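The values are calculated or read from the model by the stated rules, or taken from the named source; none is laboratory data. None of these values were measured; they are calculated from a predicted model. Glycine also receives a Cβ, built like all others from the backbone with ideal geometry; neighbour counts cover every protein chain displayed. Protein only, heavy atoms only, side chains kept; ligands, DNA and RNA dropped before computing areas. Shrake-Rupley method; radii C 1.70, N 1.55, O 1.52, S 1.80 Å.
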Amino acid sequence: MGWAGIGRLVVFALLVAFLTMPDAFAFVFEPLTENNAPAIYNQGSLWSLTVSHLTIVFGAGLASTVLAVALGIFVTRPSGLEFLPLSRSLVNIGQTFPPIAVLAVAVPLVGFGEAPTFIALFLYGLLPIFENTLGGLTQVPPLTLDAARGMGMGPTRRLFSVELPLALPVILAGIRLSIIINLGTATIGSTVAAKGLGEVIIAGLQSNNLAFVLQGGLVVALLAVLIHGLMGGIERFALRRLGGERGGALA
Amino acid sequence: MIAIEHLTKTIGGQTIVDDVSMGVEAGTLTVIVGTSGAGKSTLLRMINRLIAPTSGRVLINGQDTMAIPEDTLRHRIGYVIQGNGLFPHRTVSGNIATVPHLLGWDAKRIDKRVNDLLVLFQLDPAEFARKYPHELSGGQQQRVGVARALAAEPTLLLMDEPFGALDPVIRSKAQEDLLSIQRRFGTTIVLVTHDMEEAFRLGDRIAVMDDARLLQYGTPAELLISPAEGFVERLVGTTERPFRLLSLTRVADALEPGAASGEPIEMDANLRDALSHLMWCGQHMLPVRDATGAIRGRVSVDGILAHARKPI
Amino acid sequence: MIAPARDRGGPIRPDGDVVVGSGVDRLGALVAMMIGVGLLAVPLVTYRANRIVAGDTRSVMEALPLVGAVGLIVALVAIAGIAVLVRQPPLRLAAAAIGMALLFPAIGWAASYLTPPGNTFARVSPAAGFWLIGLALALLLADCLTRLRFGPWERLASLALAFALLAVLLASGSWNDVSLVREYAGRAESFWREGRQHLFLALGSLSAAILIGFPLGVLCHRARILKGATLQVLNIIQTIPSIALFGILMVPLGYLAAVSPLAHALGIRGIGAAPALVALFLYSLLPVVANTVVGLDQVAAPVVDAARGMGLSRRQQLFQVKLPLAFPIILTGIRIVLVQNLGLATVAALIGGGGLGTFIFQGIGQTAMDLVLLGAIPIVAMAFAAAVVLDAVVDLASGVRP
């Protein structure tokens with residue numbers, strides 16, 4: 001384990017400690033408060049807010065992954081190939097929609113709470129995964145596909161034993177990007193009453209309590225760093241199994 | 001013209017070029033040949049100071065290159081590399097005009113020079129001047145690369161595997177063009193290659209490098225007749241030796257008095273071609289004529305073979 | 001190497017379109033289905049007695065006078081038929097454009113028709129039918145535009161045309177009774193003010209990011225050590241949620257305003273535009289710096305070698321060779337930043353920084369969908385236009401090269 005790994009372990013330990021016994025860290029945030037305002041968020045448990053935050057992010061992430069990968073596979077199959085150019089344009093257009101606008105438009109349709117946040121995260125999370133699935137599947141060298149065909153593999157077998165394994169690192173990178181973006185975006189969900197760490201930040205903004213803003217933001221940022229590291233590790237593992245540094249699209 | 005004195009380059013404890021000394025005469029074409037990693041490119045790039053030597057020095061016309069500001073030095077030395085390194089965002093004429101622009105030539109002079117060079121390299125200015133590199137074939141790109149290096153009329157031209165990316169037919173044409181340009185301008189050329197054929201074909205003198213050291217430096221004939229033991233011997237190749245020797249010798253050198261019947265052979269042809277011709281026609285001897293067409297004597301199979309024998 | 005002609009897919013034309021035998025166009029079928037559902041199964045508009053209360057829905061037949069409703073239905077059915085049966089992209093494009101040109105005024109007409117004369121409280125807003133048909137036509141339009149492979153100038157012209165038509169629609173007054181425009185009419189002044197503020201936030205932070213990030217990228221390109229550290233820090237900044245970063249920046253800026261009269265005089269405050277600008281600037285740095293570095297790094301080694309060998313100084317190498325070759329990639333970074341900033345500037349409203357987000361958050365607070373849309377639609381339109389324009393510029397900039 002390198003220094004980065006040890007650093008992540010320390011960050012993880014600190015984060016767990018802070019979430020389970022936040023009051024022990026009150027002295028860190030006290031200098032930021034005014035007029036004896038509480039230094040640690042006191043309108044709910046930080047731990048359970050973190051859990052709901054992660055639940056909604058990963059739940060939406062799972063849903064986006066299933067749909068985006070399925071769509072990516074569909075438009076690269078012969079039967080769906082005619083939709084490939086269109087789907088590329090749609091991805092490009094989709095990325096110009098700010099997540100907050102998606103969230104705001106979802107509220108009138110499904111009401112307040114977790115649902116609009118879930119929809120916004122789900123829709124916004126689709127784009128990076130879909131794009132990388134396309135990228136990964138279309139990057140598979142034609143020679144490799146020819147070889148697979150030459151060995152008598154049928155289309156389904158080729159997909160599952162050649163194309164998807166080769167595209168896996170790129171697809172994983174898309175999922176990681178999607179999750180990281182959504183970790184931040186989910187905080188905005190609290191403006192429409194979704195349970196999550198955004199609640200802490202918004203409460204801080206409303207009561208002019210910077211300690212809240214900072215601890216909410218810090219927890220989300222640390223989660224992002226940890227998840228980024230963890231998923232990066234999974235990608236490297238998948239890449240190593242392919243035996244090389246093919247990671248052009250992983251940046 | 002160039003004196004390389006005890007030139008050494010070490011990077012991180014590894015010696016890339018090890019105490020190389022050699023001289024290059026003005027107006028000659030010197031080929032540095034060796035396997036990849038032998039240090040030949042590094043040696044070349046120390047001449048125009050793209051790489052700074054660890055020790056030793058390079059004199060050009062008696063002047064230490066370290067005394068000349070490096071950009072000024074490079075403006076005076078043409079430089080051609082494999083894959084040509086043309087600027088993709090500039091047209092053919094823009095590429096060729098690069099150094100003249102840097103030197104502040106006036107527009108008229110630049111235009112004329114670009115035009116002359118394009119004509120010289122058989123690229124119609126009307127058609128090619130405004131094209132971009134990606135619109136050219138590999139051979140055309142290579143010619144533009146050489147034209148660009150010659151633009152500021154340098155007296156010295158450094159070429160690093162200039163024909164490495166070309167296919168055999170185009171490569172052979174490019175080699176011929178280079179020889180005729182060298183004869184025409186009298187440019188001193190130092191060329192790096194890993195191809196022994198190319199070295200024998202082009203070089204007035206050949207320097208063989210291996211494992212950072214200069215093993216042998218001499219004329220092609222010297223290399224063939226008395227190759228340094230080991231690497232040079234293997235590189236020169238023992239099976240091809242007599243034929244290579246023949247191709248270095250002109251018919252004039254094997255001229256015998258007397259007459260013969262049949263189609264005459266040119267005086268300037270090399271002995272290898274002459275032998276090949278004799279064998280093909282099934283003749284033992286053929287008459288030889290000079291450039292004016294006058295018969296000067298004859299050449300025989302035995303006479304030719306004597307030139308292929310190992311000199312004692 | 002032969003391109004992978006995926007089996008059973010039929011021959012692939014050089015332009016990538018699959019030639020499927022005659023028969024229905026599957027995207028066309030989807031478009032037709034959406035139009036059908038939009039016309040028959042779901043309401044076209046919603047009618048509410050005032051802007052807050054829940055509304056009743058109106059189908060096409062109820063929303064328009066008989067002749068209008070029948071006309072709209074016939075026209076849209078014809079367009080659906082073209083989508084299914086006609087394959088020539090220009091014809092399909094024309095059909096989709098005509099559909100749009102009918103649908104939008106139809107909503108305006110419905111609004112005027114349903115609103116009792118003189119009633120300024122009633123609200124008529126587009127409902128699922130409008131959105132579904134609009135989406136179907138947009139899909140068809142996007143598909144045609146993709147297939148036609150427009151060059152950059154043609155794309156810019158299409159964008160200009162679309163905005164001109166939108167301007168004509170709004171200026172003609174035919175949408176004056178639609179709830180969205182009524183919502184606007186009540187706050188026209190603040191709409192333009194917040195719109196300008198939104199642009200100021202997005203463009204101001206972008207300019208600052210270019211001014212700082214571009215030289216920083218050049219430095220990172222030259223000094224490897226600097227590159228690793230800089231990109232790592234900028235990457236971490238990206239992981240901080242926007243509302244938290246906006247909030248956190250209130251601390252140092254508030255402090256600065258308190259201790260430095262100059263900063264105070266310059267308008268720097270703990271709340272408002274200053275933290276928003278700084279936060280957007282920080283988010284913008286990564287794409288600008290990273291793309292500058294990548295752009296400079298990817299210039300082919302032989303090109304740089306040749307430039308050095310010909311005696312170009314470092315400055316000449318940078319300005320005459322590397323930067324022109326890196327320019328399209330740097331522009332791509334600027335495109336990412338601009339689109340991202342136009343979206344993120346929305347959050348500025350939460351810390352008093354203004355911008356169109358003001359309407360979105362007010363709308364969420366009042367559960368007024370129209371108000372949310374009044375903020376969201378211009379943001380999406382600006383981001384979309386920025387993406388199209390900069391994509392075209394990138395294409396033009398890299399046009400001379402393969």
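Quick notes
- The single residue among C:Ala208, C:Ala258 that is in a helix (DSSP H, G or I) and touching a residue at least 40 places away in the same chain (Cβ under 8 Å) turns out to be C:Ala208.
- Filtered by the rule that a residue be among the charged types (D, E, K, R) and in contact with a strand residue (DSSP E or B) (Cβ under 8 Å, 6 or more places away or on another chain), region C:47-93 gives C:Arg48, C:Arg51, C:Asp56, C:Arg58.
- Filter pass, A:Val91 being over 20 Å from A:Glu163 (Cβ atoms), open to solvent by less than 30 Å² (accessible area, probe 1.4 Å) and within 14 Å of chain C (Cβ to nearest Cβ): no
- Residue ID - nearest to C:Ala385 (Cα to Cα), chosen from residues in region C:154-205 that are part of a helix (DSSP H, G or I) and among the basic types (Lys, Arg): C:Arg155
- All positions within region A:149-201 that are open to solvent by 40 Å² or more (accessible area, probe 1.4 Å) and facing another protein chain (nearest Cβ under 10 Å): A:Arg149, A:Pro155, A:Ile181, A:Ala193
- Scanning region B:78-98 for residues being more than 8 Å from chain C (Cβ to nearest Cβ) and either open to solvent by less than 10 Å² (accessible area, probe 1.4 Å) or hydrophobic (A, V, I, L, M, F, W, C) (or both) gives a total of 6.
- Count of residues meeting criterion [open to solvent by 20 Å² or more (accessible area, probe 1.4 Å) and in contact with a Ser or Thr (Cβ under 8 Å, 6 or more places away or on another chain)] in region C:289-319: 1
- Filter result for A:Thr144 (buried (at least 21 other Cβ atoms within 10 Å of the Cβ), over 30 Å from A:Gly204 (Cα atoms) and within 11 Å of another protein chain (Cβ to nearest Cβ)): no
- Residue satisfying all of: in region C:348-358; more than 9 Å from every other protein chain (Cβ to nearest Cβ) and not hydroxyl-bearing (Ser, Thr, Tyr); surrounded by the fewest Cβ atoms within 10 Å (Cβ to Cβ) among these: C:Gly352
- Residue within region B:125-135 that is open to solvent by less than 40 Å² (accessible area, probe 1.4 Å), more than 11 Å from chain C (Cβ to nearest Cβ) and under 24 Å from the mean Cα position of the chain (by Cα) present: no
- Residue within region B:210-218 that is under 16 Å from the mean Cα position of the chain (by Cα) and more than 16 Å from B:Phe121 (Cα to Cα) present: yes
- Pairs linking a residue in region B:13-41 that is open to solvent by less than 40 Å² (accessible area, probe 1.4 Å) to a residue that is aromatic (Phe, Trp, Tyr), with Cβ atoms under 6 Å and 6 or more positions apart or on different chains, are B:Met22/B:Tyr217.
- Pick from region C:287-342, criterion within 23 Å of C:Asp395 (Cβ to Cβ) and of a type in the set (Ser, Thr, Tyr), ranking: farthest from the chain's Cα centre (by Cα): C:Thr292
- Any hit, region B:48-59, residues being within 23 Å of B:Glu153 (Cβ to Cβ), open to solvent by 40 Å² or more (accessible area, probe 1.4 Å) and within 14 Å of chain C (Cβ to nearest Cβ): yes
Condition check ((1) surrounded by fewer than 16 Cβ atoms within 10 Å (Cβ to Cβ); (2) among the small types (Gly, Ala, Ser); (3) under 23 Å from C:Ile79 (Cβ atoms)) across all residues:
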site: C:Leu103; (1), (2), (3): no, no, yes
site: C:Trp109; (1), (2), (3): no, no, yes
site: C:Leu114; (1), (2), (3): no, no, no
site: C:Leu132; (1), (2), (3): no, no, yes
site: C:Asp143; (1), (2), (3): no, no, yes
site: C:Ser158; (1), (2), (3): no, yes, yes
site: C:Trp175; (1), (2), (3): no, no, yes
site: C:Tyr184; (1), (2), (3): no, no, no
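- Selection from region A:77-88 of residues that are facing chain C (nearest Cβ under 8 Å) and either in a helix (DSSP H, G or I) or under 18 Å from the mean Cα position of the chain (by Cα) (or both): A:Pro78, A:Ser79, A:Leu81, A:Glu82, A:Phe83, A:Leu84, A:Pro85, A:Leu86, A:Arg88
- Breaking point among (1) of a type in the set (A, V, I, L, M); (2) in contact with a helix residue (DSSP H, G or I) (Cβ under 6 Å, 6 or more places away or on another chain); (3) within 10 Å of another protein chain (Cβ to nearest Cβ); (4) surrounded by fewer than 21 Cβ atoms within 10 Å (Cβ to Cβ), for A:Val102: (4)
- Test result for C:Ala80, buried (at least 17 other Cβ atoms within 10 Å of the Cβ), under 23 Å from C:Gly28 (Cα atoms) and touching a residue at least 40 places away in the same chain (Cβ under 8 Å): yes
- Which listed residue, of A:Ala24, A:Ala60, is open to solvent by less than 20 Å² (accessible area, probe 1.4 Å), in a helix (DSSP H, G or I) and either touching a Lys or Arg at 6+ places or on another chain (Cβ under 7 Å) or of a type in the set (A, V, I, L, M, F, W, C) (or both): A:Ala60
- Scan of region C:312-343 for residues that are without any contact (Cβ under 8 Å) to a residue 12 or more places away in the chain and either touching a strand residue (DSSP E or B) at 6+ places or on another chain (Cβ under 8 Å) or part of a helix (DSSP H, G or I) (or both), ordered by number: C:Arg314, C:Arg315, C:Gln316, C:Phe319, C:Pro324
- Condition check for C:Val303: part of a helix (DSSP H, G or I), within 30 Å of B:His75 (Cα to Cα) and more than 14 Å from chain A (Cβ to nearest Cβ): yes
- Every test in (1) within 14 Å of chain C (Cβ to nearest Cβ); (2) under 25 Å from B:Gly138 (Cβ atoms); (3) in contact with a helix residue (DSSP H, G or I) (Cβ under 6 Å, 6 or more places away or on another chain) is passed by B:Ile32 save one, and that test is (1).
- Any hit, region B:230-240, residues being within 16 Å of B:Leu29 (Cα to Cα), under 20 Å from the mean Cα position of the chain (by Cα) and outside any loop (DSSP other than H, G, I, E, B): no
- Those residues of region C:320-343 which are open to solvent by 30 Å² or more (accessible area, probe 1.4 Å) and within 14 Å of chain A (Cβ to nearest Cβ), in sequence order: C:Ile329, C:Thr332, C:Arg335, C:Ile336, C:Gln340
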